[in-house]
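Peer 1: Structure below; questions to follow.
The values are calculated or read from the model by the stated rules, or taken from the named source; none is laboratory data. Bear in mind that the values here come from a model prediction, so they are computed numbers and not experimental data. Here the Cβ positions follow ideal geometry from the backbone for every residue, glycine too, while neighbour counts run over all protein chains shown.
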Amino acid sequence: VMTTHGYQILPQLFVGGGVGFHYFVDPSDVAIPIYADVRTDLLNRKATPYIDLKMGYSVVAITGYYLSPTIGYSFKLQDKARINLGVSYSLQNVPYTFLWNGYMWGARVDCSGISIKLGVDF
């Protein structure tokens, strides 16, 4: 779950910032990414492809850098309301503890994944 707030600088350029809530199943933990967001609509039409980039840092239980580029399609409903459907790659740097041969090793690793995003602009 994410929320982004900002300003439509040009008809095809949005700049803002936001916060999210990410739950990891294994290990059972939470990341709260705080990020800057830049988005461009490729066409100035009712239906247009878009590119979005979120960059930031996660706080709370899981800390580390956060990066999420998205490509998708946006559909204008009425006035300024839009529905967005995109495919995203998310990269989250997380602390991880390895147990090998009776020794514990701490390190930072990158967790990544692909997701489908559904959003509403208004």
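Peer 1: How about the range 15-122: which strands (runs of 3 or more DSSP E) wholly inside it have at least 1 residues that are more than 17 Å from His5 (Cα to Cα) and polar (S, T, N, Q)? Don't jump to the end; show me each part of the working.
Peer 2: Working: elements: 22-24, 29-41, 47-59, 64-78, 81-100, 103-121.
Result: 47-59, 64-78, 81-100, 103-121.
Peer 1: Is there any pair linking a residue in the range 63-77 that is without any contact (Cβ under 8 Å) to a residue 40 or more places away in the chain and over 20 Å from Phe24 (Cα atoms) to one that is of a type in the set (D, E, K, R) and surrounded by 15 or more Cβ atoms within 10 Å (Cβ to Cβ), with Cβ under 9 Å and at least six apart or on different chains, and which?
Peer 2: Sorted first by the residue in the range 63-77, then by its partner, the pairs are Ile71/Asp52; Phe75/Arg82; Lys76/Arg82.
Peer 1: Could you list, in sequence order, the residues of the range 34-89 that are among the basic types (Lys, Arg) and surrounded by 16 or more Cβ atoms within 10 Å (Cβ to Cβ)? Spell out how you get there, then give the answer.
Peer 2: To start, the set of residues in the range 34-89 that are among the basic types (Lys, Arg) comprises 39, 45-46, 54, 76, 80, 82.
If the condition is that a residue be among the basic types (Lys, Arg) and surrounded by 16 or more Cβ atoms within 10 Å (Cβ to Cβ), then Arg39, Lys54, Arg82 are the ones that fit.
Peer 1: Could you list all residues from the range 35-47 that are within 20 Å of the chain's Cα centre (by Cα) and touching a residue at least 24 places away in the same chain (Cβ under 8 Å)?
Peer 2: So the first thing to find is which residues in the range 35-47 are within 20 Å of the chain's Cα centre (by Cα), and the list is 35-42.
Of everything in the range 35-47, those that are within 20 Å of the chain's Cα centre (by Cα) and touching a residue at least 24 places away in the same chain (Cβ under 8 Å) turn out to be Tyr35, Asp37, Val38, Arg39, Thr40, Asp41, Leu42.
Peer 1: Would you mind stating whether Gly20 is farther than 30 Å from Ala107 by Cβ, within 13 Å of the chain's Cα centre (by Cα) and either at pLDDT 95 or above or crowded, with 18+ Cβ neighbours inside 10 Å (or both)?
Peer 2: no
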